[in-house]
Every structure is written in structure tokens, then in C-alpha cells.
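Data block below; observations after.
The values are calculated or read from the model by the stated rules, or taken from the named source; none is laboratory data. The model shown is predicted, which means the values in this text are computed figures rather than measured ones. Please note: Cβ atoms are built from the backbone with ideal geometry, for glycine as well, and neighbour counts cover all protein chains shown.
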Amino acid sequence: IMARTLEIAAVLGTNNITELVKDGDILAVSGITGEVVINPTEEQIAEFKAAGEAYAKQKAEWAQLKDAPTVTADGKHFELAANIGTPKDIEGVNDNGAEAVGLYRTEFLYMDSQDFPTEEDQYEAYKAVLEGMNGKPVVVRTMDIGGDKELPYFDLPKEMNPFLGYRALRISISETGNQMFRTQL
């Protein structure tokens, strides 16, 4: 999410890539296809450059549509909303013509901190988002820790399937997470 927001090509789930890549290796990375080539040939570099240029062209075409009305073929308006993880994302929301924040993932406040964010920290972050949206709708999700999102300062139990277990609201209403939830609210 963060790499996409910052427009950094990223590939996840590469398993043993750190065993294959050595100091000084050159990598060609496509965040679109998920392809990673170690020490690419000139031909492969040219292919990656061409793909990057095609993406830039597509992006320029999309930019021309950013202020176009969001209506279906039969004339019904629908809201174009963007998901964000930090107040810094608001610039992209506004630059790309979104009418709302469909989901503000507040867990990034927790993940980007060395300790639980204070009420003041959270207030400032939420205020920045709301002010940045200039009265447009913002949906705020309380922290969704657990699953693939862990905090170094909050111990979660090891589970066979953490995506279905102790996470998000279950943490918030638990004895251990209740104060964190109250502070966030």
C-alpha cells in the first residue's frame, strides 16, 4: 500500500530473493507484473523501460480523466473514493480527482510509531486528513492490527490463521486492547 502510494515499484512474496541477490547486482522490478530480473540483459532493460514508458503514457491519459464526472452509462452518479494510510496520501487523493476518502486505514499511525500513538498524535493526524479533504467525506477505520500487520510494542498471540483470529475489533474490545481503542476513539 505504501509503495503504491509513493509510486515505488515493489514486489511481495518473493520467498528466497535475498538468497539470490548479491551486493552490486542490478535489479529490474515491475510492480505491475510482479517480475524481478537479477542482472538484466540490455534487451530486458529495454523491455522494462518500454513498459515504464507505456505506464507513464497510460497515467497521463488517466490524469486527463481526473475531473471528469463519475457517472454510469445511464447517467447515475457514483462517488469516486480513494483509500489512504497516512495524512500524506491526501495530496494524491485530491490530485487524482477523488470525491472522498473511502477508507482511512489508521493502523499505519500505529505501525509508523515506536509506541502507541497518543491521543494528541491521532488528533493531529485525523485533523490533517479532514482539513485536507475540505469537507469531503472521510471514512475512518479504527486500527486493524493483526493478520499481516504487527506492532513491535504489542504482543499478539501466535495463531494458525491470524487473519481470522485475534485482530482489529477483537483486540479493541479485549481487556488488553481496550485502552488503545478508547484512546483512538
For the structure I just gave you, tell me whether THR142 is of a type in the set (S, T, N, Q), in contact (Cβ under 8 Å) with a residue 40 or more places away in the chain and exposed (fewer than 15 other Cβ atoms within 10 Å of the Cβ). no
Does any residue of the stretch 84-105 turn out to be exposed (fewer than 12 other Cβ atoms within 10 Å of the Cβ) and at positive phi? no
Residue list for the stretch 164-180, filter: of a type in the set (D, E, K, R) and in contact with an Asp or Glu (Cβ under 8 Å, 6 or more places away or on another chain): ARG167
In the set LYS136, LYS127, LYS158, the lone residue that is exposed (fewer than 14 other Cβ atoms within 10 Å of the Cβ) and part of a loop (DSSP other than H, G, I, E, B) is LYS158
Test: residue in the stretch 63-82 that is within 30 Å of GLU35 (Cα to Cα), touching a residue at least 40 places away in the same chain (Cβ under 8 Å) and either in the same structural domain as LYS149 (by TED's automatic domain parsing) or out of contact with any Pro (no Cβ under 6 Å at 6 or more places or on another chain) (or both): yes
Unique residue being at pLDDT below 95, hydroxyl-bearing (Ser, Thr, Tyr) and in contact with an Asp or Glu (Cβ under 6 Å, 6 or more places away or on another chain) when the list is THR18, THR5, THR14, THR33: THR5
Looking only at residues in the stretch 111-141 that are within 18 Å of the chain's Cα centre (by Cα) and modelled with pLDDT under 95, which one is farthest from MET180 (Cα to Cα)? ASP112
Give all pairs with beta carbons closer than 9 Å in which a residue from the stretch 108-134 that is in the same structural domain as GLN179 (by TED's automatic domain parsing) and in contact (Cβ under 8 Å) with a residue 40 or more places away in the chain meets a residue that is loosely packed, with under 14 Cβ neighbours inside 10 Å and of a type in the set (Lys, Arg); count only pairs at least 6 apart in sequence or on separate chains. none
Scanning the stretch 139-155 for residues that are more than 22 Å from GLU124 (Cβ to Cβ) and part of a strand (DSSP E or B) gives GLY146
Residues in the stretch 161-185 that are assigned to a loop (DSSP other than H, G, I, E, B) and touching a residue at least 40 places away in the same chain (Cβ under 8 Å): how many? 1
Filter the stretch 87-137 for residues that are among the polar types (S, T, N, Q), closer than 25 Å to GLU150 by Cα and out of contact with any Leu (no Cβ under 8 Å at 6 or more places or on another chain) and give the result. THR106, SER113, GLN114, THR118
Looking at the stretch 33-43, which of its residues are surrounded by fewer than 12 Cβ atoms within 10 Å (Cβ to Cβ) and over 17 Å from ASN15 (Cα atoms)? THR41, GLU42, GLU43
Within the stretch 161-185, restricting to residues that are surrounded by 15 or more Cβ atoms within 10 Å (Cβ to Cβ) and among the aliphatic types (A, V, I, L, M), the one that is nearest to ALA81 (Cα to Cα) is ALA168
